[in-house]
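Report on the following structure.
The values are calculated or read from the model by the stated rules, or taken from the named source; none is laboratory data. Since the structure is predicted, the reported quantities are computational estimates derived from the model, not experimental observations. Quick reminder, even Gly has a Cβ in these numbers, built from the backbone with ideal geometry, and neighbours come from all protein chains shown. Just so you know, the surface numbers come from the protein's heavy atoms only, side chains and all, with ligands and any DNA or RNA stripped out. Shrake-Rupley method; radii C 1.70, N 1.55, O 1.52, S 1.80 Å.
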Amino acid sequence: MDKRIARRAALVFFVAAAAYFFFILLKLGNPLGTLFFRGRKEAPEYVFSYADNQPEDYPTVQGARKFAELVQEKTSGRIRINVFAGGEMGSENEVVEQLQYGGIDFARSSVMMLTEIKPKFNVLQLPYLYRDEKHMWKVLDGVIGEEFKEELEGSGLVALSWYDAGARHFYNSTGPIKCVEDMKKMRIRVANSDMMSAMVEALGARAVPMAYSEVYAALETSTIDGAENNWPSYETMRHYEVAKYITLDAHSRIPEMQLASQATWEKLSEADREVITACAEESARYERRLWEIREQNDRERLTKAGCVITELSSSEQVRFRAAVMSVYQMYCSEYIDVVNRIAQIR
């Protein structure tokens with residue numbers, strides 16, 4: 001009898017304790033699912049890929065990660081974007097091809113990669129096209145920029161936003177470039193771009209197409225005299241160690257784009273497209289700020305490292321631009337009206 005009473009008392013105590021325990025959980029707003037399945041999260045509706053060929057600390061990659069973070073936040077985790085940096089998904093031209101076929105969902109690409117798809121993009125590569133950085137953003141953030149985005153319709157690509165890639169300058173190992181004549185006979189590495197080669201040749205130098213990864217050794221061994229690129233690339237690849245003379249001529253301000261695959265875009269609702277576009281625009285503003293800071297820091301650091309910086313006079317800027325006018329006719333004769341509209345923007 002005593003054992004039966006003891007068991008009954010124990011059961012009553014257990015039920016009362018359990019009831020009190022669950023009451024406390026509910027009062028604290030901690031439902032049973034949170035307690036017992038805390039490690040489990042609801043799977044996202046979409047998991048997308050994003051490709052960039054630059055290293056992790058590069059402004060475009062940081063912009064991509066900001067984009068992914070914003071999308072996840074604005075969709076309450078329904079859409080997740082995994083960013084693959086450092087060329088993990090292939091070279092830029094390979095990534096663009098995969099975007100067109102739906103193998104990759106999102107990417108950052110230079111407009112250089114889009115010229116074979118849409119030749120009109122050659123306009124945005126023209127040397128000395130813009131008066132300065134402010135002029136470029138007035139163009140790209142305005143009506144003309146929207147027209148270029150629309151140009152990609154039917155290509156398998158969707159344009160989301162413009163990213164900064166800075167201004168490209170000439171640097172070399174032999175001496176300061178202060179005038180057009182200083183370019184004569186100099187061997188300048190260029191990317192595999194006919195327009196870039198034509199520009200360098202028009203300035204009187206010899207264009208040497210070469211892989212980006214081979215430039216340091218070529219400068220070190222005097223296989224080439226110089227190259228051209230933006231401040232972050234000049235610093236990241238340590239080209240300043242073997243080519244300390246840099247001339248800030250800003251011959252090219254080639255923008256980059258955040259792109260989506262048309263195949264991916266068609267999976268999304270109109271509401272999700274609007275969210276993603278807004279996040280892309282916000283990440284672009286973030287990336288541009290990072291780029292400005294990065295350029296300033298690189299310039300200060302490399303000045304201390306002994307780089308010799310030359311800025312062209314106004315008269316020489318006019319002479320450099322005049323020297324490359326043949327490139328305009330060679331590659332953009334069909335689009336001179338667009339070039340003229342860009343020149344008129346104030």
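Yes/no per residue for (1) among the β-branched types (Val, Ile, Thr); (2) in a loop (DSSP other than H, G, I, E, B); (3) touching a Lys or Arg at 6+ places or on another chain (Cβ under 8 Å):
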position	(1), (2), (3)
ALA43	no, yes, no
PHE48	no, no, yes
GLN62	no, no, no
GLU69	no, no, no
GLN72	no, no, yes
VAL83	yes, no, yes
MET89	no, yes, no
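For the stretch 126-137, the set of residues classified as within 19 Å of the chain's Cα centre (by Cα) and of a type in the set (Lys, Arg) consists of LYS134 only.
Here is a yes/no grid of residues against (1) part of a loop (DSSP other than H, G, I, E, B); (2) surrounded by fewer than 18 Cβ atoms within 10 Å (Cβ to Cβ):
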| position | (1), (2) |
| --- | --- |
| LEU152 | yes, no |
| LEU160 | no, no |
| ALA165 | yes, no |
| HIS169 | no, no |
| ASP182 | no, no |
| SER197 | no, no |
| VAL215 | no, no |
| LEU219 | no, no |
| THR223 | yes, yes |
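How about the stretch 290-338: which of its residues are in contact with a Gly (Cβ under 8 Å, 6 or more places away or on another chain) and of a type in the set (A, V, I, L, M, F, W, C)? Scanning the stretch 290-338 gives LEU290, TRP291, ALA323. Could you please give the count of residues in the stretch 204-213 that are exposed (fewer than 14 other Cβ atoms within 10 Å of the Cβ) and under 24 Å from VAL180 (Cβ atoms)? Matching residues across the stretch 204-213 total 1.
Scanning the stretch 157-184 for residues that are over 23 Å from ARG299 (Cβ atoms) and out of contact with any strand residue (DSSP E or B) (no Cβ under 7 Å at 6 or more places or on another chain) returns VAL180, GLU181, LYS184. For the stretch 69-110, filtering for residues that are in contact with a Phe, Trp or Tyr (Cβ under 8 Å, 6 or more places away or on another chain), aromatic (Phe, Trp, Tyr) and open to solvent by 50 Å² or more (accessible area, probe 1.4 Å) leaves 1. Among the residues making up the stretch 258-281, those that are assigned to a helix (DSSP H, G or I) and in contact (Cβ under 8 Å) with a residue 24 or more places away in the chain are GLN262, ALA263, THR264, TRP265, ASP272, VAL275, ILE276, THR277, ALA278, CYS279, ALA280, GLU281. Each residue in the stretch 111-133 was checked for being open to solvent by less than 30 Å² (accessible area, probe 1.4 Å), at pLDDT below 95 and in a loop (DSSP other than H, G, I, E, B), and 1 of them qualify. Checking the structure you have, find out if any residue of the stretch 179-190 is farther than 20 Å from CYS307 by Cβ, touching a helix residue (DSSP H, G or I) at 6+ places or on another chain (Cβ under 6 Å) and in contact (Cβ under 8 Å) with a residue 12 or more places away in the chain. Checked against the condition, which is being farther than 20 Å from CYS307 by Cβ, touching a helix residue (DSSP H, G or I) at 6+ places or on another chain (Cβ under 6 Å) and in contact (Cβ under 8 Å) with a residue 12 or more places away in the chain, the stretch 179-190 yields at least one hit. Those helices (runs of 4 or more DSSP H) of the stretch 282-344 in which 2 or more residues are surrounded by 14 or more Cβ atoms within 10 Å (Cβ to Cβ), hydroxyl-bearing (Ser, Thr, Tyr) and without any contact (Cβ under 8 Å) to a residue 24 or more places away in the chain are absent.
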